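Visitor: Next up is a structure, given as structure tokens.
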Amino acid sequence: MAPKTVLQLSGVERHYGQGETTLSILKGADFDLKTGEIVALVAPSGTGKSTLLHLAGLLEHPDAGEVFLAGHACNGLPDAERTAMRRNQIGFVYQFHHLLPEFSAVENIMMPQLIAGLSKAEAKERAAQLLDYMRIGHRAEHRPSELSGGEQQRVAIARAVANAPRVLLADEPTGNLDPKTASYVFDALEALVRQSGLAALIATHNHDLASRMDRRVTIEGGKVVEM
Ligand code: ADP
Ligand code: MG
């Protein structure tokens, strides 16, 4: 089956008002992400990487243009439908893991599934599979504070994909890790995307990792351009 576009940004604009002036971050950005693809978003700080990811992840509304997820225009959707789209179609990973400290690794991965209505047994089975897949099955019962930075990020990635989203958005997910650990985390992420037909857009400053992705894009003059 030919890869399909799962995420499309079309003519997206984002402007921030700062007192008298307006800061234009995105000025008609176009971007396509296809199933099975991992794309690096590499651009200097302050150019709008996080802004772009937040718009793509339906966490913010664009000032103009449209975001399509699995072919659906998302901007005009009622809030409840946007939230449902975000929960079902998008997984988000941040630079810091944001795992719940009181809960074990496996419980952290169960949480979004329980919220989505799965039974405890179903959620636990899927969480255990994901932990195995990320090669940290033996760490399942440990709390985040008992895990290494690389393990914490792999749990965060497993949690982000727990509800089988179509798109994984990651905002400098290895920005807080040493190069070797970053590579190790990326290995797990890559295997996951390849085997599950997910698609990923990953903001990173790590050029070694970016070179291992399928494509690299940057932000120039408020637009997304191929590198
Ligand atoms: P990056 O992730 O590439 O570092 P961001 O998307 O975080 O860039 O930010 C791009 C620019 O937009 C920065 O100059 C930042 O200060 C500005 N910005 C981001 N969010 C806001 C906001 N809510 N209000 C005003 N300015 C913002
Ligand atoms: Mg950022």
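Visitor: Where residues in the stretch 4-26 are open to solvent by 60 Å² or more (accessible area, probe 1.4 Å) and within 13 Å of Leu55 (Cβ to Cβ), which of them is modelled with the lowest pLDDT? Before you say what the answer is, go through the steps one by one.
Guide: Kept after step one, since they are open to solvent by 60 Å² or more (accessible area, probe 1.4 Å), are these residues of the stretch 4-26: 4, 8, 13, 16-23.
Applying the additional criterion that residues be within 13 Å of Leu55 (Cβ to Cβ) yields 8, 13, 16.
Details: Gln8: 98, Glu13: 98, Tyr16: 95.
The selected residue is Tyr16.
Visitor: Please pick out the residue among Phe96, Phe92, Phe103 that is within 16 Å of ligand 1 (Cβ to nearest atom) and surrounded by fewer than 21 Cβ atoms within 10 Å (Cβ to Cβ).
Guide: Values: Phe92 fails: surrounded by fewer than 21 Cβ atoms within 10 Å (Cβ to Cβ); Phe103 fails: within 16 Å of ligand 1 (Cβ to nearest atom).
Of the residues listed, the single one that is within 16 Å of ligand 1 (Cβ to nearest atom) and surrounded by fewer than 21 Cβ atoms within 10 Å (Cβ to Cβ) is Phe96.
Visitor: Now a separate question. Which of the residues spanning the stretch 178-205 are within 16 Å of ligand 2 (Cβ to nearest atom) and not polar (S, T, N, Q)?
Guide: Here is the first cut: in the stretch 178-205, the residues within 16 Å of ligand 2 (Cβ to nearest atom) are 201-205.
Within the stretch 178-205, Leu201, Ile202, Ala203, His205 qualify.
Visitor: Filtering the stretch 38-50 down to residues that are of a type outside the set (Val, Ile, Thr) and open to solvent by 30 Å² or more (accessible area, probe 1.4 Å), which residue is nearest to Glu190 (Cα to Cα)? Walk me through how you get there before you give the answer.
Guide: Start the filter on the stretch 38-50 by keeping residues that are of a type outside the set (Val, Ile, Thr), which leaves 40-41, 43-46, 48-50.
Narrowing further to those that are open to solvent by 30 Å² or more (accessible area, probe 1.4 Å): 44-46, 50.
Working: Pro44: 24, Ser45: 24, Gly46: 27, Ser50: 21 Å.
Here the answer is Ser50.
Visitor: Let me ask something additional. Would you confirm, using the coordinates I've provided, whether Leu209 is more than 18 Å from Thr51 (Cβ to Cβ), modelled with pLDDT of 90 or more and touching a strand residue (DSSP E or B) at 6+ places or on another chain (Cβ under 8 Å)? Spell out the reasoning first.
Guide: Working: more than 18 Å from Thr51 (Cβ to Cβ): yes; modelled with pLDDT of 90 or more: yes; touching a strand residue (DSSP E or B) at 6+ places or on another chain (Cβ under 8 Å): yes.
Answer is yes for this residue.
Visitor: Evaluate the following for Ala156: is it modelled with pLDDT of 95 or more, outside any helix (DSSP H, G or I) and small (Gly, Ala, Ser)? Working first, answer last.
Guide: Working: modelled with pLDDT of 95 or more: yes; outside any helix (DSSP H, G or I): no; small (Gly, Ala, Ser): yes.
Judged against the criteria, Ala156 is not a match.
Visitor: Something else: Report every pair of residues separated by at least 6 positions or lying on different chains whose Cβ atoms are under 7 Å apart, first residue within the stretch 133-162 and under 16 Å from Ser196 (Cα atoms) and open to solvent by less than 20 Å² (accessible area, probe 1.4 Å), second part of a helix (DSSP H, G or I) and among the polar types (S, T, N, Q).
Guide: Pairs found: Ala162/Gln113.
Visitor: Taking into account only those residues within the stretch 24-55 that are free of Cβ contacts under 8 Å to residues at least 40 places away in the same chain and closer than 27 Å to Leu192 by Cβ, which is farthest from ligand 1 (Cβ to nearest atom)?
Guide: Taking the candidates together, the pick is Asp32.
Visitor: Further question: Can you find a residue that is surrounded by 15 or more Cβ atoms within 10 Å (Cβ to Cβ), touching a helix residue (DSSP H, G or I) at 6+ places or on another chain (Cβ under 7 Å), of a type in the set (Gly, Ala, Ser) and over 27 Å from Asp30 (Cα atoms) anywhere in the stretch 187-210?
Guide: There is at least one residue in the stretch 187-210 that is surrounded by 15 or more Cβ atoms within 10 Å (Cβ to Cβ), touching a helix residue (DSSP H, G or I) at 6+ places or on another chain (Cβ under 7 Å), of a type in the set (Gly, Ala, Ser) and over 27 Å from Asp30 (Cα atoms).
Visitor: Also, quick follow-up: Would you pick out the residues in the stretch 6-20 that are within 11 Å of ligand 1 (Cβ to nearest atom) and at negative phi? Spell out how you get there, then give the answer.
Guide: Of the residues in the stretch 6-20, the ones within 11 Å of ligand 1 (Cβ to nearest atom) are 14-19.
Correct list: Arg14, His15, Tyr16, Gly17, Gln18.
Visitor: Also, quick follow-up: Is at least one residue of the stretch 51-72 surrounded by 16 or more Cβ atoms within 10 Å (Cβ to Cβ), modelled with pLDDT under 95 and over 17 Å from Val217 (Cβ atoms)?
Guide: yes
Visitor: So, of the residues in the stretch 56-103 that are among the acidic types (Asp, Glu), in contact (Cβ under 8 Å) with a residue 40 or more places away in the chain and away from ligand 2 (no atom under 16 Å from the Cβ), which turns out to be nearest to Gly197 (Cα to Cα)?
Guide: To start, the set of residues in the stretch 56-103 that are among the acidic types (Asp, Glu) comprises 60, 63, 66, 79, 81, 102.
This time we only want the ones that are in contact (Cβ under 8 Å) with a residue 40 or more places away in the chain, so: 60, 63, 66, 102.
Still in the list and also away from ligand 2 (no atom under 16 Å from the Cβ): 63, 66, 102.
Values: Asp63: 31, Glu66: 24, Glu102: 32 Å.
The residue in question is Glu66.
The values are calculated or read from the model by the stated rules, or taken from the named source; none is laboratory data. Fair warning: this is a prediction, and the values are worked out from it, not measured in the lab. In this analysis, Cβ positions are derived from the backbone assuming ideal geometry, glycine residues included, and neighbour counts consider all displayed protein chains. Remember, those area values only see protein heavy atoms, side chains included, never the ligands or the DNA or RNA. Shrake-Rupley method; radii C 1.70, N 1.55, O 1.52, S 1.80 Å.
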